[in-house]
Every structure is written in C-alpha cells, then in structure tokens.
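Each remark here refers to the structure printed beneath this line.
Nothing in this text is a laboratory measurement; each read-out follows from the coordinates by a stated rule. Just so we're clear, the structure is a prediction, and the values are computed from it rather than from any experiment. Positions of Cβ are generated from backbone atoms using ideal geometry, with glycine treated the same way; all protein chains shown enter the neighbour counts.
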Amino acid sequence: MRVSSALKIVAVLIVLGLLAGGGAVWFAWQQADAPIPDAATSAAVEAPPIADHPPPGHAGSVLPPPATPPSDARQAAMIARGRYLVAAADCMPCHSVSGAAPFAGGRPLATPFGVMFSPNITPSKRYGIGRYTDADFWRVLHDGIAPTHSPSLFPNYLLPVMPYTAYSKLSYPDVMAIKAYLDSLPPVEQPHRKSQIPFPFNQSAGLFVWRVLFFRHEPVEDRPEWSASVRHGAWLAQALAHCSDCHTPRNIAMASESDKLFAGGHIPAQSWYASNISNATSDGIGGWSDAALVQFLHGEGDMTQGAPFGPMKEVVEESLSRLPASDIADIVAYLRTTAPQNGAPAAPADTATLAEGARVYADSCARCHGKNGEGAAGNFPNLAHNQAIWEGAPDDIIAMILGGFRPWHPHQAAMPVFEGVLNDHQIAAVANYVRTAWGNQGRADADANAVGRLRATMDQEIALNTGTMRVRLTDASGTRSASVINGLFDFLGDRRNCRLDTTFTVAKAPADPLHIAGTCTDDGFALDGWLTQGGATRQVRFALRDDYSPAGHLVGVTLEGPTGAAGAQLSAHIAVVTPNY
C-alpha cells in the first residue's frame, strides 16, 4: 500500500512526541491547556426558542426534551440554554445513528487515518457520560481531553474530528449548560464501538505534537466597529457551528489554514467540497443577497440560487433551520465582514468534452432537471444559475452523480446513483457541462482522475422505496412481502461502514409498520441496530452480504436474520445501482 506524504508527516510527529519525555510533555501541556474556571462563574444567558421537530418541508430528527422537566426554574433555564446550544452546535447528528436513540453514539466518522465512531453522550454511567464530573466535561469540550482511568504518560487526547478547537471558545457557563441538558436525557445503554484507526495514528503522542503546533485557546474574534448582531453571528459561526472546520482548507497535517479563512476546501476523507463562504464576489457569498443566504441556511434554499446538499443539508436540517431566523441573519452579517477569498478564474472549456457532457446530460439528467437545467419546483433543484453547483471545485457535483442523494424535500424523488452506470470520463464531462452551461460561471476542471479519486471515498446514499428495496418477512403465518417502503441506506466508499434507517409495512398489517435502524459492524458483514414494531424496540443483528454483477461490480446488498419476534425472519435486498438507469 502506498503511504501518503501526510501519513509520513504524522508518523514523524509521533516519533518526535515519544522523544519529548515526561517532563517536556508536562510543561507543554500546562502551556497549551487552560485551567478550569472557577465554578462560581456567572449563570448562562437565557436561551432563545428552538424547534423540537424539523420545520415543515425539512427532513430530520426530533431534538428530545428532558426526560423529567425540573421543577427548579433556574435548572430548567439552564437545561433550555443547553438544548439551544446543542442544536446550534449540531451535536445530535454526529452522536446518533439515524432512526436510533439520540445521542447514543455509534455513527461512523471518516478521517484520513481510518474510521472512528462517535461516543455515547447520554447520561449512562456504564457507556456514556453519567460519571463525568463538571471538570471532566469542561476538559472534553474546552481542551479535547477525555477522562481516563488508565495510567499513561499522555492525557487521553481526542482526535480533532471532535471540534474542540472551536468549542474551546465557549464560556464555562455555556459548557455547563450543555452538560445539564445531556444529563437531563434518558440514559441509553449502548456500548462504544472501537475505532478503526490503526497504530500509530491512534496514539496520544502524535496528537500531543499536533496540539503543540496547531491548537491554541483563542476567544471569539471581536472588532470595535462590530454591531451586537455581528458579534453574535461571529460567536455562532466560530464557536458553535464551527463553520471553519469544513469551509477552511487544511494543511498537510490536517490543521486549518487560518490565512485562508472560509476559502472553501475538500472535506478530509470524504467526497464533498465545502464551498467558499467568504465575502468574495467570484465564488463566495459576495454575489448573494442577505435574504437568499438566510433562505439557503434556514429554509433549505430555493429555485434561484440553489439548495444545500451533502453534509451541509444535514447541518441545515438538524441545526440551522431549528434556530431563530434572526440567528441566521446574524451569521450572515458576520460572514459579510470576512476577507474575500477569490478563487481561480474560469478556465476555457474543451469543446469535445462539453459536447460529450451535453449528450450524457440529455440521456441521464434532463428527465428530472429539465432540458435547460430549470429543475422542477419543490422536487428537483435547478442546475441553471445555481451557484451552489458551479462554484469552487467540482467535487460536490461529482459526488452527487456517483453516490446519489436523498430527496430535496421529504416524500419527493431522490437523486439516482450513477456510480455503476457512467464511467469516469462521462461523469467528468457532464460535470463540466453543467458547471458551464446556461450562463453558469464555473470552471470546466473536472477530469477522469478526479472522478476515480472520489469513487474511493464517496458517500453513497440510496433512497429506499419499492424500486430500490425488496423485503420479505417469514413467520408462522407464512411469507409476506413489504408493500410500502421508505428510508435511507448510506455507506462509505468501501462499504465497511454504513447506516440504515428504513420503515416498511406488509399488506396484511398496514397499521403496524416495522422500523429498522443500525450501522455496519464486523467489517461490513453484519448490521447491528434496533427494530421497532408495535411500540416495542429490541436490538437485532442481521447478516450483510454484497451482491455482485457478472462483471464484478457491486449491485446490491442482502440483509438477513431473525427479527426476534416468535421466530420471524427478515430477508431484504437493497439495490445499489438505481433501477431504470
């Protein structure tokens, strides 16, 4: 296996860390990590209202209220503040498996060095944070250091996949409010899944060196000329929403390049590109109106300038759309103050490549997005004049062509998967065509090599319905097939890690749907999760098998095993290649 230069650099840093010695470690740690504030710090600020459920027209999960609302008004206000902060920080999606118990962890998170799984942050004393002291929790969010009961030269440093570099800007009262909210939830006895990050990249020594070089406790930026609205927007964007983690490019050691704040960048170990959100007019937000930006971040976009997709869609659905619209306006006001980070000028397009792209578009895309990229209101986003599609690198449009995408709005049509239908040259050609046709001002810079690179890391999203999934349930009464199916099957490029969230009913029992949610385990050969039917939930494990075409291409996944109900057996097939394409 070829080792990338980035891995070599990290390996060198690990060796340097090991050589540092106990005394140097202790000294540098004291310099790098701030002391815990006095517990008598002033109370947290009152929380603005947030939406429990996704707004109408949005997908998403329910943000759970406290299991038992406290009678003490001060404690109730602190929990409400924590719930608002958790929503603004987008904690639930990372620490939950879609369709399963919220905050119970287990979601696979890709890194350049392997896959880790989010921890359980419910108040379970065995598996979650139920035994965390206030000081423990402060260290996790403010310093990125988890408690450990094992003797070690180094503290239990967290990978910066956990955005503690942003959360370190939060005040002590706000961190305690977050803890108060999480402590108010019902505990979930869900064990932590061991990360798939190999030695030596799972060692604290290397993380120690990374922290010494790149991690500083810095307050939220403030300028004398800023209004209260801009200051609030800066706090939301820099500390809670941690926008810089995705929208700022990273150096070879995976640290953000501060001189290129919000210039956009490829999301490490994923097939997605986070767009330029500086106030640049070329391919940033300088050409957007404030109203259009608020609509994009709070209302899921429109048919004029585009809609959020990829990881940003989840951020909007689970976080930003639940906050008051005034919060989003404040974020926009802050982004207006950022230094423009202009991209490269548009490159001349190759005529032959664009002609091939036009043919592919007519054959595979026009039926949904329209002959001239006009889209279909409320269902298929427009591609013409859609800055979210053409700005920056071509990674996002390539990722959507390869791996498909969930519906723009619930109960609408999903973006099909073309990974097994179009080759690398065809995908590059149609990406270049869409980015430059109909007045779009993108660059025709996609090529077959870029497509091939993204295939290995693509996040494939299969919208489940009767065309993509067949389900049979066998019990004492015989074998029955599902008549109504909906949900999502999502997996990373190598299919070792996946997420399933699906509901189906059989014709004989339409009022008693069966819901399954879970994640891949055993290197992708099993799915562990939860099955809910008739108001009862139980843990299940199903065997997973990949199905290949005669040419050796992955065309589907078979899911089989007992449901735990009186000997009932489930057999389901998910088509990876979307039918009819």
Could you let me know the centre-to-centre spacing of region 292-309 and region 560-579, using Cα atoms, in angstrom? 37 Å
Averaging sequence separations of C-alpha pairs under 8 Å and six or more residues apart, then dividing by the length of region 244-291, give the relative contact order as a whole percent. 27 percent
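Can you tally the net charge around I129? Count Lys and Arg as +1, Asp and Glu as -1, for every other residue whose Cβ sits under 10 Å from the Cβ of I129. Write down the numbers at each step before the final one.
Numbers: positive: K125, R131, K179; negative: D136, D183.
In short, +1.
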Full-extension gain between D350 and S258, please, as 0.36 nm times their residue separation minus the C-alpha to C-alpha distance. 29.6 nm
Among A511, A565, G370, flag the residue with its Cα farthest along the positive direction of the charge dipole of the chain, charges on Cβ as +1 for Lys/Arg and -1 for Asp/Glu. A565
Find the relative contact order for region 243-335 and round it to a whole percent, using C-alpha pairs within less than 8 Å whose residues are 6+ positions apart. 18 percent
Taking r as the C-beta separation of S481 and N449 and R0 as 30 Å, the FRET efficiency to the nearest 0.05 is 0.10
If r is the Cβ-Cβ distance from A568 to A73 and R0 is 60 Å, what FRET efficiency results, to the nearest 0.05? 0.75
Alpha carbon centroid spacing (whole Å) that separates region 365-437 from region 157-199: 35 Å
Quick one: net charge of M400's neighbours, Cβ under 12 Å, K/R +1, D/E -1? -3
Around A280, which amide H atoms from residues at least 5 apart in sequence, or from another chain, sit under 5 Å from its own amide H, with H modelled in the peptide plane? I285, G286, Q341
Obtain the nm distance between the two label points defined at N379 and R470 by a simple spin-label model: each point lies 7 Å from its Cα along the Cα-to-C-beta direction. 2.7 nm
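If the chain between W438 and F199 were fully stretched, how many nm would it gain, using 0.36 nm times the residue separation less the Cα-Cα distance? Intermediate results must be reported in sequence, preceding the final value.
Working: separation 239, 0.36 × 239 = 86.04 nm, distance 5.01 nm.
That works out to 81.0 nm of additional length.
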For region 501-512, Karplus-derived ³J(HN,Hα) couplings (6.51, -1.76, 1.60; θ = phi - 60°; whole Hz; x for glycine and proline) come out as 9, 9, 10, 9, 10, 9, 4, 7, 9, x, 8, 10
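For S171, S289, what's the fewest-to-most ordering of other Cβ within 10 Å of each Cβ? Could the numbers behind the result be given before it?
On the way: S171 18, S289 12.
Least to most surrounded, the residues fall as S289, S171.
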CD proxy, 222 nm, the chain: helix-only mean residue ellipticity via -39,500 (n - 2.57) per DSSP H run with n ≥ 4, per residue, nearest 500, stands at -8500 deg cm²/dmol
